[in-house]
Every structure is written in structure tokens, then in C-alpha cells.
Amino acid sequence: MADVVESTEIPGVWLIRPEVHSDDRGRFLETYRSSWLPFAAPMLQGNRSDSSPKVLRGLHYHRRQADLWFVQRGKVTTVLVDTRIGSPTEGKHTTLQQGGGEDLAIYIPEGVAHGFYAHDDVIMTYLVTGEYDGSDELGIAWNDPDLGISWPEEEPILSERDKENPRLADVPADRRVPYTG
């Protein structure tokens with residue numbers, strides 16, 4: 001069975017270390033069971049993201065959608081930032097390693113910004129609690145100096161969207177999520 005624990009860094013983020021079964025044929029592991037996160041809304045859509053080395057995606061967040069990330073191939077440095085108004089960790093971030101031998105799924109609640117840096121060719125799959133809605137695609141600057149994030153690369157490959165994301169301090173309150181504890 002998987003080891004499922006709440007993050008000690010950001011409340012509402014859950015870390016899932018699946019049980020891996022290996023033999024001479026390869027490996028098997030479960031990447032998701034709804035019973036692991038009984039409080040979460042049902043996962044409604046599955047997505048796959050392929051990234052080249054030095055790509056940084058994020059920091060993105062949603063007001064009406066939670067994510068569950070799992071790296072299928074490659075290694076990423078994942079960064080989570082609590083943007084929720086009134087959270088005890090508002091404006092704080094945590095950094096985790098996924099893939100590259102670290103079998104770790106991460107449940108990311110609404111209002112927690114998320115991004116990752118690809119160390120090599122990466123395949124990430126992720127489940128979400130809402131179908132795609134462009135009006136709920138929000139972001140903050142990956143290099144916001146107020147956040148003090150230490151990324152593995154100072155000049156990563158970014159999308160045009162991610163180059164334009166505002167600093168957290170410049171995001172209006174109506175574009176953020178209140179913390180509900």
C-alpha cells in the first residue's frame with residue numbers, strides 16, 4: 001500500500017509514495033487511488049506533459065481545480081507556493097524532487113501554485129479535479145524575488161505565458177483563493 005502523508009511545509013499538499021513491485025520483468029506501481037485522498041473532489045481529467053531538458057513550467061495555480069502529479073520518466077525539481085489568502089504558509093514555498101528514482105505523487109490543492117524544472121527529458125502525467133477551463137489558468141512569476149526560490153537553472157526555457165506572470169504581491173485578491181483550513 002502507498003504511504004500517504006500531508007506535507008509538513010504547506011497544509012493541504014499531500015505526498016504519496018506508492019508501493020513499487022519489481023522483478024526481472026520490470027516494475028508495477030499504482031499512481032492513484034481515490035481512497036488515498038478521501039477528502040478530494042473526484043479526478044475528472046487526465047493529462048500528460050512532455051518537457052525537454054532545461055524547461056521550466058510554472059508557476060501556475062487554479063482557484064477551482066486540484067492536481068495530482070506523477071513523473072513517469074525523467075527527473076524534475078518541483079516547487080509549490082502557497083498563494084491562499086490567510087493560510088499559515090501564505091507566500092511560502094517548498095521544493096521537492098520527483099522522478100529520477102523518486103517515486104512520488106503530489107496532490108496540489110486549489111490555490112497552491114506549482115511549477116517544475118526538467119533536468120532531462122520528462123514525461124509527467126497528472127490528474128485534475130476539473131475539466132480544462134482557460135479562465136482558471138492563473139500564474140505567478142517563477143523568479144519572484146519576494147519568494148526566494150532557488151531553481152536549478154537561472155535561465156530556463158520558458159513559455160511566453162510564464163515569462164509574463166506577475167509577482168505574487170501584484171495578484172489581486174479576487175484572483176486568489178481564501179484558505180479554508
Sort Leu158, Leu168, Leu59 so that the residue with the fewest other Cβ atoms within 10 Å of its own Cβ comes first and the one with the most comes last.
-> Leu158, Leu168, Leu59
Quick one, which of (i) 53, 37, 29; (ii) 79, 49, 22; (iii) 62, 43, 36 is the actual Cα extents along the principal axes in Å calculated for this model?
-> (i)
Within the range 51-181, the percent of DSSP beta bridges that are antiparallel, given to the nearest 5, stands at 95
Relative exposure of Thr8, Thr78, Thr94, judged by other C-beta atoms within 10 Å (fewest first) | Thr8, Thr94, Thr78
Stretch Ser150-Glu6 to full length: gain in nm at 0.36 nm per residue minus the Cα-Cα span?
-> 49.5 nm
Alpha carbon centroid spacing (whole Å) that separates the range 5-70 from the range 93-107 | 9
Quick one: length gained pulling Phe39 to Glu131 fully straight, 0.36 nm per residue minus the C-alpha distance?
-> 31.2 nm
Estimated FRET transfer efficiency when R0 is 30 angstrom, pair Arg64-Arg27 (beta carbons, to 0.05) | 0.30
The equivalent-ellipsoid semi-axes of the range 1-80, taken as the square roots of five times the Cα gyration tensor eigenvalues and listed largest first in whole Å, are 22, 20, 13
With the contact rule set at Cα under 8 Å and sequence spacing of 6 or more, what percent relative contact order holds for the chain?
-> 29
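The numbers here are math on the coordinates, done by the rules we state, and not lab data. Everything numeric here is computed off the predicted structure, so don't read it as measured data. With ideal geometry, Cβ positions are generated from the backbone for all residues, glycine too; neighbour counts draw on all protein chains shown.
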